[in-house]
Amino acid sequence: MKEICRHIIDLAKENGAVLYFFCSSATKSRRSSILIHTLLHQVVCSSDGKANSIAAAFLSTLVGGHFQRSQGFQRLQDFRVDDHLDDTVRKILSAPDNELIEALAEAIKESGIQELSVIVDGLQENIVCSLFELISEVTPKSEFLLTTRHPFGEIPHGVTYIEYDKERKGLHVRHSPA
């Protein structure tokens, strides 16, 4: 399946920006944060001289989310003046999945990408819905390919879905309802 996805990635790159991630390459406990960081890295690398503004959009969204969910002065103590820079960045990047996805969407928006293909293998259903919904909002000309070993209930609108077992039986491609 990875070979098929790599071929599709190469074809999609000919038509615009492509973000891709194979969840099997990440540990299950950190899979969603590694996914977001990998996709962000790909957005930054594909930008033409906008790396700083893309990173700023990503980080400002995360910091804003942190302070929105904070309850007054108590949570502001999470960030201390004497913290090492690495600790501060770690605290910012340990945001909940939904905030990481929102920050990624803002980074994509800042990049100015007009057409985007997103290919992800093995993502959990709850992350899929949020990721594809937010990316579709900021880049309406988006195409999504999801591959997985486990069946999905509802596939988000605009997603092409391939389930491994069904792929071998010739029942592999399932598009979301229009």
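The values are calculated or read from the model by the stated rules, or taken from the named source; none is laboratory data. These figures come from a predicted structure and were not determined experimentally. Backbone-built Cβ (ideal geometry, glycine too); neighbour counts: all protein chains shown.
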List the residue pairs whose Cβ atoms are under 7 Å apart, where the first residue sits in region 79-90 and is under 19 Å from GLY64 (Cβ atoms), the second is surrounded by 11 or more Cβ atoms within 10 Å (Cβ to Cβ) and among the basic types (Lys, Arg), and the two are 6 or more positions apart or on different chains. PHE79/LYS91
Considering only residues that are part of a helix (DSSP H, G or I) and at pLDDT below 85, which ones fall in region 47-66? VAL63, GLY64, GLY65, HIS66
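Step by step: first the residues of region 118-132, then only those that are of a type in the set (A, V, I, L, M, F, W, C) and surrounded by 20 or more Cβ atoms within 10 Å (Cβ to Cβ), then the one that is nearest to THR147 (Cα to Cα). Which residue is that? Break it down into steps so the answer makes sense when it comes.
Filtering region 118-132 for residues of a type in the set (A, V, I, L, M, F, W, C) gives 118-120, 123, 127-129, 131-132.
Among the residues that remain, those that are also surrounded by 20 or more Cβ atoms within 10 Å (Cβ to Cβ) are: 118-120, 123, 128, 131-132.
Values: VAL118: 11, ILE119: 8, VAL120: 6, LEU123: 8, VAL128: 11, LEU131: 15, PHE132: 14 Å.
Going through the qualifying residues, I end up with VAL120.
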